[in-house]
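Here the structure is laid out as structure tokens; the discussion comes afterwards.
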Amino acid sequence: MTEVVAHAVPPSTESKGLRRGALSMVSSVVIGTASTAPAYSIAATLGLLVIAGTGFQAAWFVLFAFVPVLFVALAFRELNSAEPDCGTNFTWATRAFGSKAGWMSGWVVTIAQLLAMTSQSAISGKYTLLLFDLDSLADNKFAVMTVGLAWLVLLCWICFRGIEVSARMQWALLAIELAVLVIFSVVALWRVFNGTAGPQASTPDWSWLWPSGIGLGAFVAATLPAVFLYWGWDSSVSVNEESADPRRGPGKAAVLSTVLLVLNYVVVTIAALAFAGIGQDGIGLGNSDNSDDVLAGLGAAVFGDGSFGKIMGILLIVSVLTSAAASSQATIMPCARTTLSMAVHGALPSVFGKVHPRYLTPTVSTWAFGVVSFLIYVVLSLVSEDVLSDSVSAVGLTIGVEYAMTSLACVWIFRRTLLSSARNFVMRGLLPLLGGLFFALVLVAAVIYYAQPDSGETTVFGIGGVAVIGVLAIAVGVPLMALVYRGCRAFFTGCSLPRGSVPAGGDSIVPDAAVLRGLGAQVAD
């Protein structure tokens with residue numbers, strides 16, 4: 001029995017070979033904030049919120065979406081304090097619900113990041129060409145794809161080169177991005193209040209932060225993009241084993257990242273709504289022609305045609321470019337660490353667990369992610385821009401699964417400690433449960449909404465392409481799991497990473513007694 005218990009103890013963070021203590025909590029916050037691509041996310045989402053029928057209440061939806069995201073961030077913090085494993089969702093779902101659920105959780109996270117990379121690569125390619133005033137090439141699919149793929153290779157190399165190099169680049173890219181957003185918001189609001197913004201402008205009002213007069217259809221249509229606006233902050237937790245304080249720092253960074261994001265989003269949203277209004281013509285945020293990037297459409301109007309305006313117009317393009325690049329880099333890092341953790345725990349072939357002896361970063365996992373992202377982007381771009389667009393939207397379904405699974409795993413893993421204090425009941429039970437149930441409902445609503453034929457750019461047998469792509473992308477994980485099952489029996493039988501929980505009075509996840517008895521019986525046989 002002693003031997004079984006020893007094998008049931010998870011590998012230490014040192015065993016993965018990553019560089020310990022390389023990141024401060026501030027660096028983790030930067031990674032978590034940058035990974036959401038704040039500039040591009042708000043630019044591409046705000047118009048959709050207004051068009052959905054929210055009007056000025058789009059600001060409320062941005063604020064409202066923060067609440068369940070915060071609850072999920074608290075679940076990440078509590079789970080990380082009990083087991084700071086870079087596999088995050090995969091590891092914790094396995095601990096709570098068993099090996100098959102854990103493996104599928106790891107797959108859902110991976111496919112979400114693979115699909116997201118197609119969008120980020122396309123954005124990086126397009127805005128690089130726009131930066132150099134090559135507008136005609138920016139509309140050329142092959143030119144955008146070529147530049148986007150070059151960015152993908154460069155960012156994979158930076159992530160491979162070392163976590164410190166990656167963190168320094170994140171600092172630089174995020175600083176540029178946030179500085180431009182602050183200047184945009186200040187200038188836009190200043191012009192609104194001094195009366196030089198134009199007849200379309202409106203003075204900010206407290207009613208913008210209350211959803212009065214919003215119908216059910218508009219509520220559902222706006223909630224989906226508003227919630228997914230925040231996706232990516234959990235990257236700060238995926239680098240937990242390389243953090244200076246693995247148990248506490250990354251979890252705090254995740255919560256702080258969401259707070260910084262909501263402050264940024266609300267200010268920029270109010271500034272854009274106040275300056276542009278919600279009209280359907282010109283620079284109005286209700287104009288569907290501007291919905292892909294409302295900031296680009298507002299740049300010249302806010303900053304004018306003078307020298308300052310031209311400089312700020314360029315910087316707006318730079319901010320979206322740096323936003324996409326930073327988000328791409330912060331997508332590569334967590335995915336590589338998820339597959340690394342899966343390999344170390346025996347859920348994937350051991351080759352994915354290789355770490356560079358000098359740079360102390362995942363090697364095969366990083367470059368495998370890059371190669372697969374490369375191929376998916378090329379195939380989707382060549383097939384159709386509409387399919388590419390719907391594939392990116394399908395990421396929303398995977399996010400619903402990821403956040404619901406992790407939040408509910410938190411409640412289950414800490415079930416024996418929930419009544420030990422009011423703090424534990426609220427932080428480990430009530431709030432994560434509410435967050436998990438919310439995202440489960442969002443997942444159902446998203447499938448129903450995206451299954452409508454007119455919800456996206458494509459349809460398959462009368463069903464919306466977004467729902468079809470999202471469901472199929474998740475379902476592909478089942479045959480893949482069957483494919484690796486034979487070679488990963490130690491994991492799937494619960495020997496390498498058994499189900500567990502935090503016992504009363506404990507602060508770490510330990511294998512449950514019933515699980516250990518079952519493992520003991522297997523060894524005896």
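Checked against (1) within 19 Å of the chain's Cα centre (by Cα); (2) more than 30 Å from S41 (Cβ to Cβ), M333 meets all criteria but (2). Return the residue satisfying two criteria in turn: it lies in the stretch 125-157 and is in contact with a Ser or Thr (Cβ under 6 Å, 6 or more places away or on another chain) and among the aliphatic types (A, V, I, L, M), and of such residues it is most open to solvent (accessible area, probe 1.4 Å). The extreme case among them is V147. Quick one: V267 ticks every box in (1) assigned to a helix (DSSP H, G or I); (2) surrounded by 24 or more Cβ atoms within 10 Å (Cβ to Cβ) except a single one, so which number is it? Unmet for V267, out of (1) assigned to a helix (DSSP H, G or I); (2) surrounded by 24 or more Cβ atoms within 10 Å (Cβ to Cβ): (2).
Taking the stretch 207-245 only, how many residues are touching a Gly at 6+ places or on another chain (Cβ under 8 Å), surrounded by 24 or more Cβ atoms within 10 Å (Cβ to Cβ) and farther than 15 Å from V62 by Cα? The number of residues fulfilling the criteria is 9.
Just one of the listed residues (G462, G456, G487) is on the phi > 0 side of the Ramachandran plot and either touching a helix residue (DSSP H, G or I) at 6+ places or on another chain (Cβ under 7 Å) or not hydroxyl-bearing (S, T, Y) (or both), namely G462. Within the stretch 230-281, the set of residues being touching a residue at least 24 places away in the same chain (Cβ under 8 Å) and of a type in the set (D, E, K, R) comprises D234, E241, E242, D245, R247, R248, K252. Against the criterion of being surrounded by 19 or more Cβ atoms within 10 Å (Cβ to Cβ) and at pLDDT 90 or above, S501 qualifies.
From the list A122, A75, A101, the lone residue that is open to solvent by less than 20 Å² (accessible area, probe 1.4 Å), touching a residue at least 12 places away in the same chain (Cβ under 8 Å) and not charged (D, E, K, R) is A75.
All of (1) within 25 Å of F228 (Cα to Cα); (2) part of a helix (DSSP H, G or I); (3) touching a residue at least 40 places away in the same chain (Cβ under 8 Å) hold for G87 with one exception: (2). Looking only at residues in the stretch 294-343 that are polar (S, T, N, Q) and out of contact with any Ser or Thr (no Cβ under 7 Å at 6 or more places or on another chain), the one that is most open to solvent (accessible area, probe 1.4 Å) is S307. For S202, the conditions (1) part of a loop (DSSP other than H, G, I, E, B); (2) loosely packed, with under 15 Cβ neighbours inside 10 Å are fulfilled apart from (2).
Summed over the stretch 373-387, residues that are open to solvent by 10 Å² or more (accessible area, probe 1.4 Å), touching a residue at least 24 places away in the same chain (Cβ under 8 Å), within 17 Å of I469 (Cα to Cα) and of a type outside the set (D, E) total 5.
Taken over the stretch 410-433, the residue count meeting the criterion of being charged (D, E, K, R), in contact (Cβ under 8 Å) with a residue 12 or more places away in the chain and either assigned to a helix (DSSP H, G or I) or crowded, with 18+ Cβ neighbours inside 10 Å (or both) is 1. The residues on offer are A473, A446, and the sole one that is in a helix (DSSP H, G or I), at pLDDT below 90 and open to solvent by less than 40 Å² (accessible area, probe 1.4 Å) is A446.
The values are calculated or read from the model by the stated rules, or taken from the named source; none is laboratory data. The structure displayed is predicted, hence computed values, not measured ones. Ideal geometry is used to build each Cβ from the backbone, glycine not excepted, and the neighbour counts take in all protein chains shown. Accessible surface is based on the protein model in full, side chains and every heavy atom, while ligands, DNA and RNA are left aside. Shrake-Rupley method; radii C 1.70, N 1.55, O 1.52, S 1.80 Å.
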